[in-house]
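Notes to accompany the following structure.
The values are calculated or read from the model by the stated rules, or taken from the named source; none is laboratory data. Predicted model, so just to flag it, every value in this text is computed and none were measured. Cβ coordinates were reconstructed from backbone atoms using ideal geometry, including for glycine residues, and neighbour counts include every protein chain displayed. Calculation scope for accessible area: heavy atoms of the full protein, side chains included, ligands and nucleic acids excluded. Shrake-Rupley method; radii C 1.70, N 1.55, O 1.52, S 1.80 Å.
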Amino acid sequence: MLKIELLNTETKKKETFTQDFISARLVRKSLELQAEMKKGKKSDLEYLDNAIEFVVSVFDNPAVTVDAILDGLNGNELWKTLIEILNKVANGDNDEANSEGK
């Protein structure tokens, strides 16, 4: 299960959003984005925008938007959170695989 925690700027409380189903199309898109990042032919801003838009597409929730991520995610955690979600989509959620094996 994927999750993202965002600060609700109106209530000033953190909200957690989860996503159980990850389609094969999202796995492909994640691998495509990671390949683009390794090539390094775009600006950091373009990579950031693409990663945020990808994360929005992963979470099937209208509350998870580009603005919700930009306003509700701590700047110090931005890249870490985005890359973690990209990796979990591309490689499968290791936490879920580990819990199933127990």
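Which of the residue pairs LYS14/LYS42; LYS3/LYS80; LYS38/LYS80; LYS39/LYS80; LYS38/LYS88 have a Cα-Cα distance greater than 23 Å in the structure shown?
Values: LYS14/LYS42 32 Å; LYS3/LYS80 13 Å; LYS38/LYS80 16 Å; LYS39/LYS80 19 Å; LYS38/LYS88 17 Å.
As for pairs spanning more than 23 Å Cα to Cα, those are LYS14/LYS42.
7 Å from Cα along Cα→Cβ at both ARG28 and TRP79: what's the point-to-point distance in nm?
Placing both labels 7 Å along Cα→Cβ, they lie 3.0 nm apart.
Between GLY92, GLY75, GLY40, find the one with the highest GNM mean-square fluctuation for the chain; connect C-alpha pairs within less than 10 Å.
The residue with the greatest mean-square fluctuation here is GLY40.
Can you list the HN-Hα couplings for the stretch 63-74, worked out from phi with the Karplus curve (6.51, -1.76, 1.60; θ = phi - 60°), rounded to whole Hz and with x for Gly and Pro?
Residue by residue, the stretch 63-74 yields 7, 8, 10, 4, 5, 4, 6, 5, 8, x, 10, 4 Hz.
What is the sum of charges, Lys and Arg at +1 and Asp and Glu at -1, for the other residues whose Cβ falls under 12 Å from the Cβ of THR65? Please report the intermediate quantities before stating the final value.
Details: positive: none; negative: GLU53, ASP67, ASP71.
Cβ neighbours under 12 Å give a net charge of -3.
Report the accessible area of ASP44, computed with a 1.4 Å probe over the heavy atoms of all protein chains in place, in Å² rounded to the nearest 10.
120 Å²
Taking H as built 1.01 Å from N, whose amide H comes closer than 5 Å to the amide H of GLU15, not counting residues under 5 places away?
LEU6, LEU7, ASN8
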